[in-house]
Amino acid sequence: MDEFDSIHSEDGSPTDGPQAPLPIGSTDLETALLSRLDDDKAQDIVLIDLRGKSPMADTMIIASGRSHRHVGALADHLQRTLKESGLGKVKVSGLPHCDWVLLDAGDVIVHLFRPEVRAFYNIEKIWSVESGHRVDARA
């Protein structure tokens, strides 16, 4: 994933360089989803390791799209990536309006927001993720 300028691990420590390793515990599925989001120019990408913190999933990925259409396109492309990864049809919520789209792939949950909606709900705060943990794929 050399396209990322920097990635921060869950403890907030940055990994340096354009060929920085993924956070510890990253899976092929997480790598595929992060790559797809980067390719599609998602903004403010955050990966949160939930192992040991929540029984609902192992990882949460949060990203923003610039508009309703961009969020919808991100969701569509992630659904294709998940299908290609062998997960078939995943649970998706929020597609009609595309303000906040949730993709539940079991071990990985993806939240896609328009920036205003993301700022309003601020779900990163629930998991105590400071702004220093954020990964902007286009920074």
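Worth a mention:
- Net charge of the neighbourhood of CYS98, taken over other residues with C-beta under 11 Å away and scored Lys/Arg +1, Asp/Glu -1, is 0.
- Label separation (THR27 vs LEU95): 2.2 nm, computed from points 7 Å beyond Cα along the C-beta direction.
- Here's the list of lysines a cross-link from LYS53 could span, going by alpha-carbon distance under 17 Å and ignoring same-chain residues fewer than 8 apart: LYS125.
Every number in this text was worked out from the coordinates using simple rules, so none of it is lab data. Keep in mind that what you see is a predicted model, and the values were worked out from it rather than measured. As a convention, Cβ positions derive from the backbone with ideal geometry for all residues, glycine included, and neighbour counts pool all protein chains shown.
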